[in-house]
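Here is the structure we will look at.
Laboratory data are not the source of any read-out in this text; all were calculated from the coordinates shown. Just so you know, these numbers come straight off a predicted model, no measurement behind them. Here the Cβ positions follow ideal geometry from the backbone for every residue, glycine too, while neighbour counts run over all protein chains shown.
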Amino acid sequence: MIGKLKKGSSFAGCIRYVTGKDEAKIIASDGVLLGTNAEIVQSFELQRQLNPRIKKPVEHIALSFKPEDRPRLTDDFMAKIALEYMQMMGIKDTQFIIVRHHNTDNPHCHIVYNRINNEGKLISDTHDYRRNEQVTKALKSKYGFTYGTDKSNTNTRKLRNAERAKYEIHNAVKDALKMADSWEKLRSEFAKRGVHLEFVYKDKEQAKIQGIRFSKDGYSFKGTQISREYSFVK
């Protein structure tokens, strides 16, 4: 389970997107007139006027789950999870709709809510990205949702440019570490896989190593950008 957050200024555009997919279904809502898209948007816009100085009153959150969890995720259960997520994020006393999509292998839903609450006050977004990570992790643990697989199982053919290079470096490092017992052999194994390793030094004299960098196909990354496991330890 992961959550992706995005703020915006247009309820019309957001509602058009979340309701426009094939088999899109509203599985929960509060405070909006569920008729046409125009009526849904008008409901949001009326409350928006309680605090017109806020330029981005729209919050759009996508909650996505792993395909392995699909059998459990009935509409009612997904709505329950989304509502619990909202409560834990402090999203309450405001208008919202929750729309389920079926257009990908990953079961997912979209939460659209009014950042202007029922009293005309702005719902706080302080540290919302950090809280999102904490809340989704807590819900995964509570309900036993499937955790993401490691990078080695990622289909790199579907990735592009820098992201593909990062995953290919990760897989190359993982394989090379199994075969090398020294830095020299490790560099050799990396070279066979098109990966270059270099040390990053703290000083010009290169007396103290600060970290390592990997590069491939013109892209360069710190060790920790590939994985926390690949930081340099003296």
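Extension gain for Ala38-Ala162 works out to 40.6 nm (0.36 nm per residue, less the C-alpha to C-alpha distance). Under the criterion of Cα pairs below 8 Å and six or more residues apart, the relative contact order for the chain equals 18 percent. Here the Karplus curve 6.51 cos²θ - 1.76 cosθ + 1.60, taken at θ = phi - 60°, turns the phi angles of segment 120-129 into couplings of x, 9, 7, 6, 5, 10, 4, 6, 5, 5 Hz, with x standing for Gly and Pro. Rounded to 0.05, the FRET efficiency of the Thr74 and Asn106 pair, given R0 = 25 Å and the Cβ-Cβ distance, is 0.95. Around the amide H of Ala28, modelled in the peptide plane, lie the amide H atoms of Ile98, all under 5 Å away and 5 or more residues distant in sequence or on another chain. Charging the Cβ of each Asp and Glu at -1 and of each Lys and Arg at +1, and nothing else, the dipole of the chain about its Cα centre rounds to 740 debye. Backbone geometry of segment 83-88 corresponds, through the Karplus equation with coefficients 6.51, -1.76 and 1.60 at θ = phi - 60°, to 3J(HN,Hα) couplings of 5, 5, 4, 4, 4, 5 Hz, x marking Gly and Pro. Checking every one of the trypsin sites (Lys or Arg not before Pro) in segment 47-108 against DSSP loop status and a limit of 12 other Cβ atoms within 10 Å picks out Arg53, Lys55. Note on Tyr143 and Gln225: their simple-model spin labels are 3.5 nm apart, each label 7 Å out from Cα toward Cβ. Of the residues Lys185, Lys140, Lys121, the one that moves most in a GNM of the chain with alpha-carbon contacts below 10 Å is Lys185. All other residues whose Cβ lies under 9 angstrom from that of Asp75 are scored, Lys and Arg at +1 and Asp and Glu at -1, for a net of +1.
Electrostatic tally near Ala62: other residues with Cβ closer than 9 Å to its Cβ, Lys and Arg +1, Asp and Glu -1, net +2. For Lys222, the lysines whose Cα falls under 18 Å of its own Cα, not counting residues fewer than eight places away in the same chain, are Lys151, Lys166, Lys174, Lys202, Lys208, Lys234.
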